[in-house]
Amino acid sequence: MATERWFESAPDGEAPQYQCRARRLFGERQTVTERIVDRTVLEIHSAMKRRHTATPSPIMTVPEGAEYLRIHQSTVYRLIRRNQLPCFKIGSDYRFDRDAIEKWVANRQVKG
């Protein structure tokens, strides 16, 4: 018998349950592989939930800054090179203070 796998829907905010249909129907024990898959699915779900509920960090990396400003990363580096974007370095990596970026954006808005 082929075993069909699916994600069972769960109440809002809870992890979906990954089940092996044949094992569920016949009450058989899960194999080691199925238990590993179950555990991995739960870990991924909890990690995704933490990421979306966490408060945003006041410090952003170049990719995060580019996403925040909705511009390409190469544009971020160009603005840094021209000293037009407020940033600081940690080692060889650039970082941005969210408040400084928000002030920078507010100062650049066109008055009309």
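A short reminder: the numbers here are calculations on the coordinates, not readings from a lab. Since the structure is predicted, the reported quantities are computational estimates derived from the model, not experimental observations. Cβ sites come from the backbone with ideal geometry, for glycine too, and all protein chains shown count toward neighbours.
Within region 92-112, residues that are of a type in the set (S, T, N, Q) have Cβ atoms under 7 Å from residues that are in a helix (DSSP H, G or I) and surrounded by 10 or more Cβ atoms within 10 Å (Cβ to Cβ) in no pair, counting only partners at least 6 apart in sequence or on another chain.
Restricting attention to region 53-82, the residues that are of a type in the set (G, A, S) and loosely packed, with under 14 Cβ neighbours inside 10 Å add up to 3.
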